[in-house]
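Okay, structure first, notes after.
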Amino acid sequence: MAALSISEQGALPEPSALENALSGLQCVLVARRARYTPEAVTWGQ
């Protein structure tokens, strides 16, 4: 079965448990980096 595009589906699918865990980890790592090097930390870094 082919995957539906966003316009065909109507909304994005719910994130998986792995995606949620990785998003949380990214937030923790950015927060820790900001604590040790507070000058302009961006999400891209």
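The values are calculated or read from the model by the stated rules, or taken from the named source; none is laboratory data. Because the structure is a prediction, the values reported are computed rather than measured.
At a glance:
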| item | result |
| --- | --- |
| Scope the chain; condition among the small types (Gly, Ala, Ser), in a loop (DSSP other than H, G, I, E, B) and at pLDDT below 70; matching residues | Ala2, Ala3, Ser5, Gly10, Ala40, Gly44 |
| Residues being of a type in the set (S, T, N, Q) and under 11 Å from the mean Cα position of the chain (by Cα) - total across the stretch 11-25 | 2 |
